[in-house]
1. Pulled fully out, how much extra length does the chain show between Leu168 and Ala570, if you take 0.36 nm times their separation in residues and subtract their Cα-Cα distance?
2. Can you give me the relative contact order of region 484-635 as a percent, contacts being Cα pairs under 8 Å and 6 or more apart?
3. Could you give the length gained by full extension between Glu308 and Glu226, i.e. 0.36 nm per residue of separation minus their alpha carbon distance, to one decimal place?
4. Testing the spin-label approximation: label points 7 Å from Cα along Cα→Cβ at Thr36 and Arg326. State their distance in nm.
5. Could you compute the net charge surrounding Ala551? Neighbours are other residues with a C-beta less than 14 Å from the C-beta of Ala551; K and R count +1, D and E count -1.
6. Enumerate the aspartates and glutamates that Lys346 could reach by cross-link, defined here as Cα to Cα under 14 Å, with residues fewer than 8 away along the same chain left out.
7. Indicate the helices, whole DSSP H runs only, in the chain that combine a mean Kyte-Doolittle hydropathy of -1.0 or more with a Cα extent along their long axis of 27 angstrom or more.
8. Counting other C-beta atoms within 10 Å, which of Glu425, Glu254 has the fewest, and how do the rest follow?
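Any read-out appearing in this document is the output of simple, stated calculations on the displayed coordinates, not a laboratory observation. Fair warning: this is a prediction, and the values are worked out from it, not measured in the lab. Cβ coordinates were reconstructed from backbone atoms using ideal geometry, including for glycine residues, and neighbour counts include every protein chain displayed.
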Amino acid sequence: MLRTAVVLLFAATALPAQWNVMPMPSSIQAGQGRLTIGQEFSAGPDTGSSADPRLSRAIDRMSRRIAKLTGMTLHEGSQKILLLQVQGGGQAVQSLDEDESYRLTVDSRQAVIAAANPLGAMHGMETFYQLIANAADGWGVPAVTIDDRPRFAWRGLMMDVSRHFMPLEVIRRNLDGMAAVKLNVFHWHLSDDQGFRMESKRFPKLQQQGSDGQFYTQDEVRGIVEYARDRGIRVVPEFDIPGHSTSWLVGYPELAAGPGPYQILRTWGITDPAMDPARPEVYTFLDAFIGEMASLFPDAYFHIGGDEVNGKQWAANTADIPGFMRLHGFKTEHDLQAYFNQQVEKIVTKYGRRMEGWDEILNPALPKNIVIQSWRGAKSLSDAARQGYQGILSSGYYLDHIEPSSKLYLVDPLGSQADSLGKNEQARILGGEVCMWAEYISEENVDSRIWPRAAAIAERLWSPAAVRDVSGMYRRLDVIDGELDLIGLRHNSNYRLMLERLAGSDGIEPLATLADVLEPGALGQRHHVNPNYAQSTPLNRLVDAARPDSAIARHFGELVDRFVANPNDAAARSEISRWLTLWAGNNARLQPLMEKRQILRDAAPVSAMLAGISALALAGRTGPDIQTALKPVGEVNIAVAPAIARLAALGRRF
Ligand code: ACM
């Protein structure tokens with residue numbers, strides 16, 4: 001049995017084109033024939049199946065999505081085309097160890113999803129939906145048997161809503177995207193120096209003075225928690241303490257270790273203000289606050305942040321901290337933070353939650369039931385596991401580093417750092433989380449920073465470790481990209497809207513030709529070029545519209561590889577020539593627009609450079625400009641420059 005599964009698995013990594021599934025299931029066995037999806041499509045539970053209301057709502061959503069995908073109004077025939085056999089209703093609060101497996105069987109008459117609970121059933125429905133394709137004989141799903149279960153139980157997306165506030169509709173559509181690719185933890189980074197985004201009734205000055213009026217009411221938060229639960233997603237709130245807490249201190253300066261007053265931070269980076277671990281009133285406050293939040297967030301885990309405390313305000317304190325350190329025999333600020341974390345852990349435990357924090361909180365003084373989120377390097381994850389702590393990986397999954405899916409995809413929570421761990425230690429690695437920090441994003445372009453790259457990481461966290469073929473991943477990612485559009489994500493539609501804003505009434509074509517092959521710089525590059533970025537800086541320029549991991553650059557790179565491998569490939573040669581000609585002439589087409597609009601001024605150097613290097617490659621010449629184009633050009637990067645450099649080095653005309 002196991003042998004068969006392994007063979008099928010390897011077959012699955014080199015699948016024929018009809019399996020447009022992401023994440024790739026644990027095992028796929030092709031059957032005979034095809035199930036037609038027509039207007040009479042209907043889905044419903046089998047007799048004796050669980051009556052959990054999440055199921056009927058998921059079925060309604062699925063039917064609406066199929067109608068949207070196919071453009072057909074469904075008439076719901078008498079016979080169920082998709083039958084759900086779900087044993088139980090699942091737990092009242094979705095838990096980490098809940099069974100998420102399902103079996104999907106499709107033959108030419110019917111599809112059946114069998115699962116232990118609604119979570120597996122919902123995952124099965126997402127797989128079923130992804131298999132629907134428009135073929136020569138109409139819409140349908142190929143006959144198949146899929147047995148599927150996640151490799152990791154913790155598959156998250158973290159969204160920072162503090163640096164730039166993200167309205168509810170942004171959260172909801174990203175939860176829809178998460179469900180589509182089987183991510184199951186929404187980590188909501190609700191407070192930081194730049195904004196406190198949660199309504200507290202106990203301490204209303206938190207949102208009144210710390211948010212510029214941009215916060216979620218408690219009713220709205222309950223709505224999001226329900227919305228997520230309906231999609232098989234847990235919500236883990238994060239309130240970052242004792243550092244990254246300036247927004248708390250605006251209304252409650254008495255929590256700080258240094259004298260106020262405080263103002264919401266409008267810029268980025270690590271700052272000095274931190275809560276005072278030596279003051280008992282701080283813990284009284286946190287007890288009441290965490291108790292209030294625990295009544296709103298039912299998840300078993302509660303994230304307390306704990307990252308990037310620089311200790312400066314503690315070191316400068318002459319009031320209560322020096323005596324407190326002496327009394328406890330603390331030598332360093334690190335000891336002080338460990339003490340703080342111990343007190344907070346007791347509070348979190350008192351409210352029936354398990355504490356989670358960034359890897360700085362790793363300290364043997366803390367009990368073993370906390371969870372470490374590794375961000376400074378995978379080593380902290382293996383260190384934690386070795387010391388008996390559970391953990392999740394985020395190092396390598398930072399979307400603001402603007403790395404391509406090909407790189408993100410191969411980062412594995414059980415990668416080389418975990419090689420030396422024993423079985424029990426490896427079992428402490430629960431999974432991972434994609435992180436979307438919000439210094440350089442707005443509600444308008446956040447989707448394009450998350451999607452579709454998060455789908456590649458979702459596959460790493462769900463699928464068997466052996467599923468690692470990058471070209472297969474990209475082929476399916478291109479398909480899922482369209483599915484995410486249909487769900488309502490705006491990574492493609494807002495790209496066009498942003499270009500239209502930049503181009504005004506002039507038409508976006510030459511601007512899109514340029515933007516399609518650019519990638520935004522990562523945060524370091526952007527800060528270097530413009531150290532004055534602040535919360536109110538408009539994110540409306542070319543760099544903000546440009547998207548990570550340019551698909552055109554990837555396809556062009558593949559084309560160039562094909563040609564380099566076989567210089568007699570005439571089709572590749574003529575396609576290369578067409579692209580180079582387009583880019584070489586684009587600057588002249590874009591020039592009038594750039595001259596007319598101040599907002600496009602910083603596009604001029606990169607537009608000229610793309611045209612210049614394309615003209616060189618067309619002429620079969622290389623030159624210093626090509627080397628320059630490989631480096632950052634202001635805040636953007638020319639994603640096709642490496643492929644153009646490879647061509648130019650051939651010394652052939654196109
Ligand atoms: C972090 O990136 N400071 C967790």
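1. Numbers: separation 402, 0.36 × 402 = 144.72 nm, distance 5.14 nm.
Gain in length upon complete extension: 139.6 nm.
2. Values: 132 pairs, mean separation 38.6, N = 152.
With pairs under 8 Å counted, the relative contact order is 25 percent.
3. On the way: separation 82, 0.36 × 82 = 29.52 nm, distance 3.21 nm.
The Glu308-Glu226 span can extend by a further 26.3 nm.
4. With each label placed 7 Å out from Cα toward Cβ, I get 8.8 nm.
5. Values: positive: Arg453, Arg475, Arg476, Arg547, Arg554; negative: Asp478, Asp481, Asp485, Asp516, Glu519, Asp549, Glu558.
That sum, taken over residues with Cβ under 14 Å, equals -2.
6. Within reach: Asp287, Glu356.
7. On the way: long enough: 570-596 (40 Å, -0.39).
Once both thresholds are applied, what remains is 570-596.
8. Working: Glu425 17, Glu254 12.
The most exposed by this proxy come first: Glu254, Glu425.
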